[in-house]
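Here's the structure, in structure tokens; my notes come after.
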Amino acid sequence: MSGIINTDTKRLMITKEQTQELKVSQGYNDWQNEFKVRVGSPRLHKSVYKFTGEERTYDRNCIWNVSLHLCDGKYVGINAGACIQSSYSEEWKKANNRMYNLEPVAHGDKVTINGKLYVANVKGDYSDCIEFDTYENFH
């Protein structure tokens, strides 16, 4: 059945026509400015979201909760460490839903940072998983 792509895979494919706008992190718990990064081909996994009981499809090759920082004159994405809690706030649950529905940034994607165009350079599944090069460097 080659050539047939299920709906979940279509949603997770790397082809994008629009650029995402990324914002520099404002500090700890800046959930509204975090994004996710795809570090390989989609690797889908279904599981149940415990707060609602809904079945979700996750891409195991996506890093969630990446924050954008300016380091030595270059924009980089830093992966937030995992944190297990005994209870989760409504704010956290909303942030989790936002992250679930967010399109990941993949290698070669164009993004906008502070009104300027950049190209994503995914380094891998590391704490500093992604860098952004100015678009002019690719012409």
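The values are calculated or read from the model by the stated rules, or taken from the named source; none is laboratory data. Computed from a predicted model, the values in this text were never measured in an experiment. Neighbour counts run over all protein chains shown; Cβ positions are idealised from the backbone, glycine included. All accessible areas refer to the heavy atoms of the entire protein, side chains included, with ligands and DNA or RNA removed. Shrake-Rupley method; radii C 1.70, N 1.55, O 1.52, S 1.80 Å.
The Glu91 and Glu136 beta-carbon pair, evaluated with R₀ = 35 Å, returns a calculated FRET efficiency of approximately 0.35.
With every protein chain present, what accessible area does Arg98 have (1.4 Å probe, heavy atoms only), rounded to the nearest 10 Å²? Accessible area of Arg98: about 80 Å².
Close amide H pairs (under 5 Å, H built 1.01 Å from N) link Asp128 with Asn79, residues at least 5 positions away or on another chain.
The slack in the chain from His69 to Glu54, taken as 0.36 nm per residue of separation less the alpha-carbon distance, amounts to 2.0 nm.
Applying both filters, DSSP loop and at most 14 other Cβ atoms within 10 Å, to the chymotrypsin sites (Phe, Trp or Tyr not before Pro) of segment 29-100 gives Tyr49, Phe51, Tyr88.
Using the 1.4 Å probe convention, the accessible area of segment 57-139 works out to 57 Å² per residue with neighbouring protein chains retained. Maximal additional length on extending the Ile84-His107 stretch stands at 5.4 nm, based on 0.36 nm per residue less the C-alpha distance. A cut-off of 5 Å between modelled amide H atoms, ignoring neighbours fewer than 5 places along the same chain, links Asn65 with Phe35. Taken one residue at a time, the phi angles of segment 36-46 give Karplus couplings (6.51, -1.76, 1.60, θ = phi - 60°) of 10, 10, 8, 10, x, 5, x, 10, 7, 9, 9 Hz. Gly and Pro are set to x. Solvent-accessible area of segment 61-139 (1.4 angstrom probe, protein heavy atoms only): carbon and sulfur portion equals 48 percent.
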